[in-house]
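Enquirer: Structure provided below as structure tokens; questions to follow.
Readers should treat all values here as calculations from the given coordinates under stated rules, not as data from a laboratory. Keep in mind that what you see is a predicted model, and the values were worked out from it rather than measured. Backbone-built Cβ (ideal geometry, glycine too); neighbour counts: all protein chains shown.
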Amino acid sequence: MKAVLLQNFGGPEVLYLGDAETPRPGSEQVLIRVMATSVNRPDVVQRQGHYPAPPGESDILGLEVAGVVEEVGERVGEWQVGDRVMALVGGGGYAEFAVAHAGHTMRIPETMDFHEAACVCETYLTAFLNIFLIGSLEDGAPVLLHGGGGGVNTAAIHLCKALTPAARVIVTASSKKIAGVTGLGADLVIDYTTQDFADEVKRFTDKQGADVILDHIGAAYLASNMKALAVGGTLVIIGVMGGAKAELNLALMMVKRQRVVGSVLRSRPVQEKAAIISEFERRVVPHLADRSIVPLVDRVYRLDEAEAAHRTMEKSAHFGKLVLAVADAA
């Protein structure tokens, strides 16, 4: 099969389209003919050599796919050859074929095309897990989302508006992405290049702070995040783009009964991910089916244009998701 491979670790120029062995599904897996996949920030980090695939997973980049079931493992009963599916994968998405655990696979609603479906499993599941299952966001509560127009952040806005329509959604963004974020329904957009987001959150919430904060920056934002976090609130850290080490005033955190939670999706046990996906199917997929949630596709590249897609990702020159079309049928 054709797949995007790495010459070595480094910049986008190390990516090339080459030949790889077609994977075979295990007894509880399905083989998917990939029609489309997408580029996510962890792909960039893995390409740089800092985020290896979990043991047993493909070293090929790509964490989510949309396509058609090509083959099913002997213990798989819920899927048949020809089913249109979207799946979370531990690796291997940038290829013509990928394997996925049967429990990590969801049926694509008839109202969605493959390009849209390729945007769901990594970013929407990440946002859903951390805001709703870990953060337990309640309707009407304020939530602070860092990330401007990135895939996880735009997915998070969609989910907050669909699942907790009265929630007050606060977003930090650069000046060039404020209009786009506002158009998605954010109640307050803070320009992090010119404004102190903690002060703005306090002002907007009448000094109460945000009940849930979703952050991918890490150390550089920790002090301000804790200042912006409400009493009893939860800060969920899903990335460390701004560093991995920072000081934390534990006494103040105790008095304010706050939680700081670190979270990743990729390395969770198979059954744990299956349970998350099952809950996502129940609560979110109906919104995808009736198009009250529509994944935001910024642009579509061919599979052999993965280098260009990575350059766009690194420049943050996108709003929404960057899709790689693997097959003409996508």
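Enquirer: What ranking of 236, 201 emerges when the number of other C-beta atoms within 10 Å of each C-beta is taken as an exposure proxy, fewest first?
Expert: Ascending number of Cβ neighbours within 10 Å: 236, 201.
Enquirer: Can you compute the modelled spin-label distance between residue 207 and residue 21, with each label point 7 Å from Cα toward Cβ, in nm?
Expert: 6.6
Enquirer: Then there is this: Over its Cα atoms, what ratio of radius of gyration to 2.2 N^0.38 Å does the stretch 1-148 give?
Expert: Normalised Rg, Cα atoms only: 1.11.
Enquirer: Output the 0 to 90 degree angle, nearest 10, between the alpha-carbon long axis of helix 306-315 and the longest principal axis computed from the alpha carbons of the chain.
Expert: 0
Enquirer: Quote the relative contact order of the stretch 124-262 in percent (integer), defining contacts as alpha-carbon pairs under 8 Å separated by 6+ residues.
Expert: 21
Enquirer: While we're looking at this one, here's another question. For the stretch 224-330, report the translational diffusion coefficient in µm²/s to the nearest whole number, using Stokes-Einstein at 10 °C, 1.306 mPa s, and a Kirkwood Rh over Cα pairs.
Expert: Estimated via Stokes-Einstein, D reaches 88 µm²/s.
Enquirer: Same structure, new question: For residue 255 and residue 191, calculate 0.36 nm times their separation in residues minus their Cα-Cα distance, and state this gained length in nm to one decimal.
Expert: 20.0 nm
Enquirer: Something else now. What fraction of the Cα pairs in the chain, stated in percent, has a spacing above 35 angstrom?
Expert: The proportion of pairs with Cα distances above 35 Å equals 19 percent.
Enquirer: Quick one, can you get me the convex hull of the C-alpha atoms of the stretch 245-306 expressed as volume per residue in Å³?
Expert: Each residue corresponds to 240 Å³ of Cα convex hull volume.
Enquirer: Further question: Placing +1 at every Lys and Arg Cβ and -1 at every Asp and Glu Cβ, with all other atoms neutral, what dipole size does the stretch 31-115 have around its Cα centre, in debye to the nearest 20?
Expert: My answer is approximately 220 debye.
Enquirer: Ok, one more. Using a Gaussian network model of the chain whose springs link C-alpha atoms within less than 10 Å, name the residue from 73, 151, 92 with the highest mean-square fluctuation.
Expert: Answer for the Gaussian network model of the chain: 73.
Enquirer: Further question: With everything on Cα atoms, drop me the angle between helix 151-163 and the longest principal axis of the chain, reported from 0 to 90° to the nearest 10.
Expert: Orientation of helix 151-163: about 70 degrees from the principal axis.
Enquirer: Can you say what percent of the DSSP beta bridges in the chain, counting only those with both residues inside, are antiparallel? Round to 5.
Expert: 55
Enquirer: Need the full-extension length gain, residue 74 to residue 50, defined as separation in residues times 0.36 nm minus the C-alpha distance. One decimal, nm.
Expert: That pair, residue 74 and residue 50, stretches by 5.1 nm at full extension.
Enquirer: Give the average over all directions of the projected area of the C-alpha convex hull of the stretch 81-191, one decimal, in nm².
Expert: For the stretch 81-191, the mean projected area of the Cα convex hull comes to 8.2 nm².
Enquirer: Please work out how much length the chain gains when fully extended from residue 315 to residue 133, using 0.36 nm per residue of separation minus the C-alpha to C-alpha distance, in nm with one decimal.
Expert: Extending this stretch completely gives an extra 62.4 nm.
Enquirer: If you don't mind, another one. Can you pull the semi-axes for the stretch 130-208, root of five times each eigenvalue of the Cα gyration tensor, sorted largest first, whole Å?
Expert: Taking √(5λ) for each eigenvalue gives 18, 15, 10 Å, largest first.
Enquirer: Turning to a different aspect of this structure: Quick one: Cα convex hull volume of the stretch 133-174, Å³ per residue?
Expert: Value for the stretch 133-174: 62 Å³ per residue.
Enquirer: Another question about this same structure. What shape does the stretch 217-273 have by the C-alpha gyration tensor, where a ≥ b ≥ c are the square roots of the eigenvalues, rounded means a/c under 1.5, and otherwise prolate means a/b greater than b/c and oblate the rest?
Expert: It is oblate, given that a/c is not under 1.5 and a/b is not larger than b/c.
Enquirer: Could you state, as a whole-number percent, how many of the C-alpha pairs of the stretch 157-260 are farther apart than 19 Å?
Expert: Tail fraction, whole percent: 45.
Enquirer: Right, here's the next one. What 222 nm value per residue comes from the helices of the chain, counting each DSSP H run with n ≥ 4 as -39,500 (n - 2.57) and dividing by all residues, nearest 500 deg cm²/dmol?
Expert: So the calculated ellipticity at 222 nm is -7500 deg cm²/dmol.
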